[in-house]
Each structure stands twice: as C-alpha cells, then as structure tokens.
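Working notes, structure below.
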Amino acid sequence: MQFVIRGGKKLEGEITLSGAKNAATKMMIASLLTDELVSLENFPAIGDTAITAELCRLLGSKIKQKQSTLTIQTAKITNHKVTSLSRRNRIPILALGPLLARAGEAEVPFLGGDKIGARPVDMHIDGLRALGAEIEIRGESYHAHAPQGLHGARIELDFPSVGATENIMLAAVLANGRTTIANAAKEPEIIALIKMLQKMGAIIEIGAHRMITIDGVKKLHGTTFEILPDRNEAASFGCLAVATGGNVLVKGAIQEHLITFLNAIRRVGGEYAIEENGIRFWRTNGLRAAEIETDTHPGFMTDWQQPFVVLLTQAKGASVVHETIYEDRFGYIKDLNAMGGDISVFSKCLGELPCRFNGMGFNHSVIVNGPTPLRGKNLTVRDLRSGIAHIIAALVADGESTISGIEEIDRGYAHIEKRLRALGADIRRA
Ligand code: EPU
C-alpha cells in the first residue's frame, strides 16, 4: 500500500484530533491491573492500539469496541508469556508490572518500534529490579518473576524517560509500600495515566522537581476514562496548515499541551488563534527562520521536529534544529533534500548547550536553508513521524509523490488520507 499525493494546494477546513496514541496504549496496559471492566473513551483506531489489543488478548483480556469507546476486561490472566507476539511496538515491556502483580511471573518479547536510535530499556529493567523483580534475558525476551511480590523503592532515573516512568508506576501501584521516582518524566500523557490510575484507586503524588511518589494499594478497580486528544497530531496538522499556506481549525487541540509548539509557530511567522473548540493555524506573511531544540516536556517535543523541519524548508533564512532526545531522528532529511530541500546534517550539538549526544558522532543537528520549493518524489517511510513529514512535504510540493511503507503512518494517525481529503488534499491510498 502507498499514498499517492498531488501537492501544491492550500489546505483549509477543520480536522478533529484522535485520542492520543501514546496514552491509549499505556491505558490499555493499566487496565490489566484490575479484574474489573475498564472503558476508554475517545479511543483511537490506529495500528499501535491494534497491536496492543493483540497483546492484551493473548494475556486474557476481553475487548470490545463500540464507536470510539473501547471496553477491556481481564478477569483472569490466562497467559503470562507473550513471546510469540511480533516485535512491532514499544508496549509489551510495560506489561511486566501488571503481570507480576497478578500472576507473579511474566515473559515479554524484546521491543520493536521506530528506528530512531538505539532505544535501550536499561532504566525500565533497573527500576523493576529495584522493586524486587528478578529479570533475566531468555533468547529474545525478558523473563521476570517476583516470588515475594513487588515492594516500594527509591528510584532515580538518569534521564526523564517516558517509558521507564510509566513502567515503574505501573509496577509500583500494586507493590507493597512507597515508591519514589526522582527525575521522572511528566509529559501530559503521563499525567493522564496518573489520573486514570487514581480513578482506579491508586495513590500517586506528583511532587516538585520531577518527583513522583506512589503508595502501593492492595487492589485496583475498574473505571471509565476519556483519553486526551493527541498533541502530536495537533502539531502535525498545525505545521501542515502553515506549510501549505492554508487555514485549518484543529479541533480538540489543547493550548496547555502545546505551549512550546505555539511559540515556535509564532516565531517562524505562522499564526494561530485559540478558539472555543480547538486551535486554528494559518499564515498571512512569509515565514522566517528559527532555532529549535527538542526536549522533554514542557520543551519542544521530539515528535514535532519532523513536521516542523518541513515547515522550515519554507522559511526565509537559516534555521537550526538540535535533536536532544533521540540520537538518530534525522534519517528522513535525505528525502527532503531529494525533493529540493537545502538541509545539512551535523553531528555537532548546534544548541546553546551541548546535549548528552555531544562528541558521540550522532547526526543530531541540522541547518535548514530556505525557502526552497519542493517537488514530488517517490518516498519510503522510515518511521511514524518522518512518515507524516513525508506527507506534509508531498502536500507542499509541486507535482506527484508516492509514499510507500505507510503502515508506519497508520500506527499513529487514524484514516489520515480521509481526514486530509476533507481539508482539500489530493491524497489517495493505492
Ligand atoms: N532511554 C534510555 N534507557 C531507557 C529508556 C529510555 O537510554 O531505559 C533513552 C531513549 O533511548 C531515548 C530517551 O531515553 O534516547 C527518551 O526515551 P523515552 O523512554 O522517554 O521514550 P519512549 O518511552 O521510548 C515515548 C514515545 C515516543 C516519544 C518519546 C519522547 C511511546 C510509545 N513513545 O517513547 O513517541 O518520542 O516518549 O517523548 O509513548 C512516537 O509517537 O512517534 C514516538 C516515538
């Protein structure tokens, strides 16, 4: 399957955000912590939630979906070993905590997911070990057991990892005693997961200085929870609107989750308005160059970087982008250059301060010279966010582009071609 796109149109109209991919999948795993029914509203019908549903079903979950509500109940863990699962996303390792709590033992496969860096899971494993899990590697899977059950621990993360924070929280909520996570991630999706766990009966404090404190409880119960709108979709569609010179209302976009992104849009000369039911994006004048550095929340998110670089190809002057979260997230630049972009990649840190990739030889900074017209090209998707960058670039470009490998895009963006067609895009799945 591929997308065939004819670019050069200004996109106009309204687009509604789906529920956040990076919250929905974790919330499905959180549902494994109880034998009662969990309902997830505003549930996104995307590849990553389908992969996670496959995982949960293998563990014993009964899952139903009616319109945008998913109900999931795992009355009993019928299987604590899911090594047969194909390694397609980052979620299985998060099931270790719930499986240890309910079955005392777990085996999950090594992770798949986007090829954007080495993506080690050392902080996940160290955190679970601190909570009392015995973990060993068997072939290509992690085997964990906790004969005495899990207990509270003081854990300090080397880096505020989203996945490690979630993994430790999901294990600590049913552990015996208090767990503290210092240097924890506090992305909006993590706060949402905390809110859901709290509704299920967990005790979790969000303290100052990235400290999360969890007092373990004996049992969690079912709940109904509405998944927050996807801020990564919002940023993608905001870039799309401004890059094509169109005018798009992104319905459901939440200003609080996008403060840094909105500042960046204004700095490059894009415009936005906070409206009652979303955020509208457009541009009146030409765009100007900017300096961007990705960071943990509330900084400029790494998942906004790729669509934003497409936008910067249309801005006047030399823009600088320093990627500090993943060491290998500029693989798509060669495609933008093939389309007519003028982007140079550097291993040096092109930020105010060196980041943890300094001197390691990773290509993690770029200079984008613009504006450059783009022309249609045949492209292959490398990972989810560079896939959406391909789509935006193709919609900006003159002529026809084909984009193959689109299952990666389907993992995170529901029915993207239909939603973009409603904005006037010439895009079809072939
Ligand atoms: N890291 C380690 N050791 C660990 C864990 C992480 O070194 O044990 C490193 C990673 O290699 C990376 C950095 O820490 O360099 C940040 O990784 P983090 O754990 O925060 O990311 P993640 O949980 O694997 C999630 C999202 C990503 C998003 C990042 C950053 C999910 C499923 N994925 O990944 O989303 O970019 O947080 O916010 O929630 C996407 O949606 O396209 C995507 C890649």
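The values are calculated or read from the model by the stated rules, or taken from the named source; none is laboratory data. Just so we're clear, the structure is a prediction, and the values are computed from it rather than from any experiment. FYI the Cβ positions are ideal-geometry reconstructions off the backbone, even for glycines, and counts take in every protein chain you see. Accessible surface is based on the protein model in full, side chains and every heavy atom, while ligands, DNA and RNA are left aside. Shrake-Rupley method; radii C 1.70, N 1.55, O 1.52, S 1.80 Å.
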Sole exception among (1) part of a helix (DSSP H, G or I); (2) open to solvent by 20 Å² or more (accessible area, probe 1.4 Å) for residue 136, by number: (1)
Identity of the residue in region 139-148, within 16 Å of residue 92 (Cβ to Cβ) and open to solvent by 20 Å² or more (accessible area, probe 1.4 Å), that ends up farthest from the ligand (Cβ to nearest atom): 139
Single unsatisfied condition, residue 215 versus (1) more than 18 Å from residue 33 (Cβ to Cβ); (2) more than 16 Å from the ligand (Cβ to nearest atom); (3) of a type in the set (Asp, Glu): (1)
Those residues of region 182-201 which are within 11 Å of the ligand (Cβ to nearest atom) and either within 21 Å of residue 134 (Cβ to Cβ) or among the small types (Gly, Ala, Ser) (or both), in sequence order: 184, 185
Inter-residue pairs, beta-carbon under 6 Å, first in contact (Cβ under 8 Å) with a residue 24 or more places away in the chain and in region 364-375, second buried (at least 18 other Cβ atoms within 10 Å of the Cβ) and among the small types (Gly, Ala, Ser), 6+ apart: 368/319; 370/315; 372/341; 374/393; 374/397; 375/397
Subset of region 271-287 (residues that are within 24 Å of the chain's Cα centre (by Cα) and closer than 16 Å to residue 244 by Cβ): 272, 280, 281
Residue 367 being among the hydrophobic types (A, V, I, L, M, F, W, C), closer than 30 Å to residue 88 by Cβ and open to solvent by less than 60 Å² (accessible area, probe 1.4 Å): no
Count of residues meeting criterion [surrounded by 22 or more Cβ atoms within 10 Å (Cβ to Cβ) and farther than 14 Å from residue 311 by Cα] in region 273-289: 2
Residue that is free of Cβ contacts under 8 Å to residues at least 40 places away in the same chain and among the aliphatic types (A, V, I, L, M), where the choices are 279, 274: 274
Residue in region 173-191 that is in contact with a Ser or Thr (Cβ under 8 Å, 6 or more places away or on another chain), small (Gly, Ala, Ser) and touching a residue at least 24 places away in the same chain (Cβ under 8 Å) present: yes
Selection count where residues are open to solvent by 40 Å² or more (accessible area, probe 1.4 Å) and under 26 Å from residue 313 (Cβ atoms), scope region 220-259: 2
Positions within region 417-429 being touching a Phe, Trp or Tyr at 6+ places or on another chain (Cβ under 9 Å) and either without any contact (Cβ under 8 Å) to a residue 60 or more places away in the chain or acidic (Asp, Glu) (or both), in sequence order: 417
Matching entry among 189, 205, 136, 156 (being under 20 Å from the mean Cα position of the chain (by Cα) and acidic (Asp, Glu)): 189
Given (1) β-branched (Val, Ile, Thr); (2) within 16 Å of the ligand (Cβ to nearest atom); (3) over 23 Å from the mean Cα position of the chain (by Cα), index of the condition residue 179 fails: (2)
Selected residue (only one of 351, 370, 376 is more than 16 Å from the ligand (Cβ to nearest atom) and closer than 17 Å to residue 305 by Cβ): 370
Strands (runs of 3 or more DSSP E) wholly inside region 15-130 that include at least 1 residues being free of Cβ contacts under 8 Å to residues at least 12 places away in the same chain and either within 16 Å of the ligand (Cβ to nearest atom) or surrounded by fewer than 23 Cβ atoms within 10 Å (Cβ to Cβ) (or both): 62-66
Cβ-Cβ under 7 Å pairs, at least 6 apart or on other chains, region 392-412 side under 19 Å from residue 18 (Cβ atoms) and open to solvent by less than 30 Å² (accessible area, probe 1.4 Å), far side within 16 Å of the ligand (Cβ to nearest atom) and of a type in the set (Phe, Trp, Tyr): none
Residues (part of a strand (DSSP E or B), touching a Lys or Arg at 6+ places or on another chain (Cβ under 8 Å) and open to solvent by 40 Å² or more (accessible area, probe 1.4 Å)) located in region 1-14: 2, 14
Members of region 37-92 that are farther than 24 Å from residue 17 by Cα, modelled with pLDDT of 95 or more and small (Gly, Ala, Ser): 60, 61, 75
